[in-house]
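Since the structure comes first, as structure tokens, the remarks are kept for the end.
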Amino acid sequence: MTSHTSPAQIIDGLALSKQLRADVTQRVQALKARGITPGLAVILVGENPASQVYVRNKVKGCEDCGFHSVLEKYDADLTEAALLARIDALNRDPAIHGILVQLPVPKHIDANKVIEAISPAKDVDGFHIASAGALMTGMSGFVPCTPYGCMKMLESIGYDLRGKHAVVIGRSNIVGKPMALLLLQKNATVTICHSATRDLKALTLQADVIVAAVGKRNVLTADMVKPGAVVLDVGMNRNPEGKLCGDVDFEGVRQVASYITPVPGGVGPMTITMLLVNTLESAERSA
Ligand code: NAP
């Protein structure tokens, strides 16, 4: 994948999600035949409009695949103690195999406390330190859904990461860091970039694979991409017209890259699909 002339092929996150969700639905049926329905509890505190859309899509994804799903919405003034008590009850509820608290939570609630309150056995977001530690040390545990989805997208194009240079832009606990660990697990040489990185372009120009997870439009432009590179765009932003867009200048970069993920219709749907996979696997484990 070094010489390259035509525009990049699109890695279609909707089409891939459809395939993976068909498999999930079948496995749900098999579990149901044994008397177990995978159950996901989604908790939303407050009125964040973006969060409302995310939780709606997550619950819809569950319903479409035959899961049992519970959406619990609380006012923004819910106390931390009340939220922790609710998580404790869900940890002990045998009908629930996955618990997700939609982030961000209101400022008076400590997000880390909330994440650590979820039983690692039901941590389908993969944010608990037990899950992070498992990923770090190569043990089995829940993998955070967004980087997990990115790995599935690379797998779908048959991309062999061994010996490739992967550059991850962003180092959050939920995307950048786990992404880098997953790429490393597949034997890529990984560079992690962040806001203090000097000369981002010099690094991205060396990359065979670039994952942009920043949350700013046009962080990656065509002049920063080596011809034939594979580009995954995790970012979710709004352009001046109010349309959803990623971190990557899609029109420019697709002239240079060999593969690219669009926004919308790329990493976003894959994130929800991997949440369903994690919840299903949690239910299968409990069976
Ligand atoms: P985050 O916690 O805000 O992290 C952003 C990262 O980008 C930080 O590590 C930051 O560096 C780095 N950064 C900021 N400006 C930079 C620059 N100019 N050059 C290089 N790095 C820079 O965000 P996140 O939660 O990881 O999410 C990132 C984006 O992905 C957001 O747009 C979010 O909405 C989106 N997202 C999408 C999905 C999906 O399903 N598609 C899921 C999750 C997140 P520092 O660490 O130095 O501050």
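The values are calculated or read from the model by the stated rules, or taken from the named source; none is laboratory data. Here the structure is a predicted model, which is why all the values come from computation and not from measurement. Keep in mind that these areas ignore ligands, DNA and RNA; they rest on the heavy atoms of the full protein, side chains included. Shrake-Rupley method; radii C 1.70, N 1.55, O 1.52, S 1.80 Å.
Tabulated data
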read-out: Contact order relative to length of segment 1-104, as percent, for alpha carbon pairs under 8 angstrom and 6 or more apart; value: 33
read-out: Segment 2-74 and segment 140-195: distance between their alpha carbon centers, rounded to Å; value: 20
read-out: Kirkwood Rh and Cα Rg combined as Rg over Rh, evaluated for segment 54-131; value: 0.94
read-out: Tensor-based shape of segment 66-201 (alpha-carbon gyration tensor, a/c under 1.5 rounded, otherwise prolate or oblate); value: prolate
read-out: The chain, helix-only ellipticity at 222 nm - DSSP H runs n ≥ 4, -39,500 (n - 2.57), divided by all residues, nearest 500; value: -12500 deg cm²/dmol
read-out: Candidates Asp23, Asp199, Asp125, ranked by Gaussian network fluctuation over the chain, Cα under 10 Å, top entry; value: Asp199
read-out: Reach of Lys201 by Cα under 19 Å, taken over aspartates and glutamates that are not fewer than 8 positions away in the same chain; value: Asp223, Asp233, Asp247, Asp249, Glu251
read-out: Cα gyration tensor shape of the chain, rounded if a/c is under 1.5, else prolate or oblate by comparing a/b with b/c; value: prolate
read-out: Members of Lys107/Lys243; Lys18/Lys73; Lys60/Lys186; Lys18/Lys107; Lys58/Lys226; Lys177/Lys226 lying beyond 30 Å, as alpha-carbon distances in this model show; value: Lys60/Lys186; Lys18/Lys107; Lys58/Lys226
read-out: Of all accessible heavy-atom area on the chain, the percent that carbon and sulfur account for (1.4 Å); value: 54
read-out: Globularity index of segment 217-287, i.e. its alpha-carbon radius of gyration over 2.2 N^0.38 Å; value: 1.41
read-out: Residue of Thr189, Thr79, Thr25 that the Gaussian network model of the chain assigns the largest fluctuation, springs spanning Cα pairs under 10 Å; value: Thr79
read-out: Mean separation of Cα contacts under 8 Å, 6 or more apart, over the residue count of the chain: relative contact order %; value: 24
read-out: Cα-based reach from Lys122 at 13 Å (exclusive), listing aspartates and glutamates while leaving out same-chain residues under 8 positions away; value: Asp88, Asp93, Glu281, Glu284
read-out: Computed over segment 34-174: relative contact order in percent, which uses C-alpha pairs under 8 Å that are six or more apart; value: 21
read-out: Percent antiparallel among DSSP beta bridges (both partners in the chain, rounded to 5); value: 5
read-out: Kyte-Doolittle at least -0.5, axis length at least 20 Å by Cα - qualifying DSSP helices, the chain; value: 13-33, 267-286
read-out: Three semi-axes of the equivalent ellipsoid, segment 1-152, Cα gyration tensor, whole Å, largest first; value: 29, 20, 17
read-out: q = 0.16, 0.19, 0.23 Å⁻¹: log10 I(q)/I(0) that the Debye formula gives for segment 10-86, counting C-alpha atoms only; value: -0.73, -0.88, -1.03
